[in-house]
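Here's the structure, in structure tokens; my notes come after.
Values in this text are rule-based calculations from the coordinates and carry no lab data. Remember, it's a predicted structure, so these values are computed and weren't measured experimentally.
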Amino acid sequence: MTKQKKSRHHFNKKAMGVGQVFVFIIAALSFALIMIFGYKMISGFIISGEKVEFAKFSSDLSSSVQKIYTEYGAVRVKDFRVPGSYNKICFVDMDWQATNEEIDELCAQDALACSVWQDAQTKDPTTNKPGGYASIDQNVFLAPTSLTPLKVYKLSVVEENEETADPEDTIPVGFICQEIKRGSFRLLLEGRGDKTQLQFTSVTAEE
């Protein structure tokens, strides 16, 4: 009887040990599945949120440029919030007759913008004129490159004349680029009748 009891006790211990291992394996698998699918769900929510924010930014920028172009001489200053981890933005006048030096300069700033600008400079065989704005699907470029191309209404761009250092003394150029700081940038928009003129303007440290 004593031997039988010891044998049963030993068997019960083994059974408990196997059961505990089985429970541990099930718990580990459950935890792993929760982590995997939970991560995917959270990542999906983040990506969806970024897409919504990007769509809002795109719509805000596009409508701001288009609203003012017919109001010749009208000027507005507007701040734009950029979602995600974008750190630079470029605006390119696709109707600008770019020199090789200007193209090289843009290539150093943004390879995609440079490529699209070169395409816009290519002559249409039917008209023997550069395709320009109508021939491309993007004239605003972000770094890192955005998944969705950004194209706003026809634009021209100006920058400050470095020789005078006067903010109101500007010169027309083919493109302008600026780093995005703290997720935002500021534009001065001016209606030109057939397009909108853009110029970067600084955001003061107090703001």
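Some observations on this one:
- Set of aspartates and glutamates near Lys195 by C-alpha distance (under 18 Å), chain-local residues within fewer than 8 positions excluded: Asp60, Glu71, Asp93, Asp95, Asp137, Glu159
- Subset of Lys51/Lys88; Lys78/Lys129; Lys51/Lys181 violating a 29 Å alpha-carbon distance limit: Lys78/Lys129
- 37 °C / 0.692 mPa s Stokes-Einstein diffusion coefficient of the range 49-200, Kirkwood radius on C-alpha pairs, µm²/s: 206 µm²/s
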